[in-house]
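Reviewing the structure listed below.
The values are calculated or read from the model by the stated rules, or taken from the named source; none is laboratory data. Given the structure is predicted, the values throughout are model-derived calculations rather than measurements. Cβ sites come from the backbone with ideal geometry, for glycine too, and all protein chains shown count toward neighbours. Side chains are part of the model used for accessible areas, which takes the heavy atoms of the whole protein and leaves out ligands, DNA and RNA. Shrake-Rupley method; radii C 1.70, N 1.55, O 1.52, S 1.80 Å.
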Amino acid sequence: MNQMTARQRLDDWDKIGRNIFTLSDLAKIFHEDKPKTLQEGINRLRKHGILEGVTRGIYCYAHSRTPDTYRLEKIARAMRRGEYSYVSLESALSEYGAISQIPVDRLTIMTTGRKGTHRTPYGTIEFTHTSRRIIELLPRMLDIGRPLKMATLDAAWADLKRVGRNTYLVDVEVIHGQG
């Protein structure tokens, strides 16, 4: 792949709001490249500042013109594609006003995928595994027009307690509707 072709193709994806890519996505975008050639091309694009390696196997188009308020959520969604993942725990409780401290550089997510903490240039993503069945998870999530769904207030509180996280920062009056 040459730089001009790469920029054109990535610009086309950027125009429809896609600027976070997995290695698999890039293999489809640059379908004519064999795996070894693709990796060499990605390395060249990174060297020239066109692609940014965000975390293992996840890349960001560095020349994106798409405003990215929820870039960390897009990265998390790409990391656990094919799994159910939703913002919960401290991140959700902070957005509901039940925790006064706002975790600006950390996103806490419940997922049916692997657990793990990943540092990116945009903040830290913490995945906590849930073994709940999908039928149980769906009513616990709200689609609020962002890349990831958000836990309901009650679900975020229940998740926090269920996984044994520290609850001392939580304003329980907000949880019980008195806040």
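Brief remarks follow.
- Note on the range 54-113 and the range 12-37: Cα centroid distance 21 Å, given to the nearest whole angstrom.
- Axis angle, to the nearest 10 degrees, between helix 3-15 and the longest C-alpha principal axis of the chain: 30 degrees.
- Sequence-distant contacts, meaning Cα pairs under 8 Å at least 6 residues apart, place the relative contact order of the range 57-115 at 34 percent.
- When the helices of the chain are scored as -39500 (n - 2.57) per DSSP H run of n ≥ 4 and the total is divided over every residue, the value at 222 nm lands at -10000 deg cm²/dmol.
- Among S64, S131, the sequence by solvent-accessible area, most first, with a 1.4 Å probe is S131, S64.
- Test item: Cα-centred dipole of the range 70-179, Lys/Arg +1 and Asp/Glu -1 on Cβ, debye: 600
- DSSP-defined antiparallel bridges as percent of all bridges, the range 14-135, nearest 5: 70
- Rounded accessible area of R18 (nearest 10 Å², 1.4 Å probe): 70
- For the set D171, D105, solvent exposure ranked by accessible area (probe 1.4 Å, protein chains only) runs largest to smallest as D105, D171.
- Candidate lysines for bridging to K36, where Cα separation is under 24 Å - those fewer than 8 sequence places away on the same chain excluded: K28, K47
- The accessible-area ordering, largest first, of the residues M4, M79, M150 stands as M4, M79, M150, per a 1.4 angstrom probe.
- The calculated FRET efficiency for R119 paired with T37, based on their beta-carbon distance and R0 = 25 Å, is about 0.25.
- Acute angle (nearest 10 degrees) that the helix 35-47 long axis makes with the longest principal axis of the chain, alpha-carbon atoms: 80
- Restricting the calculation to Cα atoms, the chain shows an Rg/Rh of 1.05 when the hydrodynamic-style radius is the Kirkwood one.
- Just the protein heavy atoms count here, and of the accessible area of the chain at 1.4 Å, carbon and sulfur take up 50 percent.
- In the context of the full protein assembly, T128 retains an accessible surface of approximately 20 Å², using a probe radius of 1.4 Å and ignoring ligands and nucleic acids.
- Accessible surface computed residue by residue for the chain, with neighbouring protein chains in place and a 1.4 Å probe, gives 56 Å² per residue.
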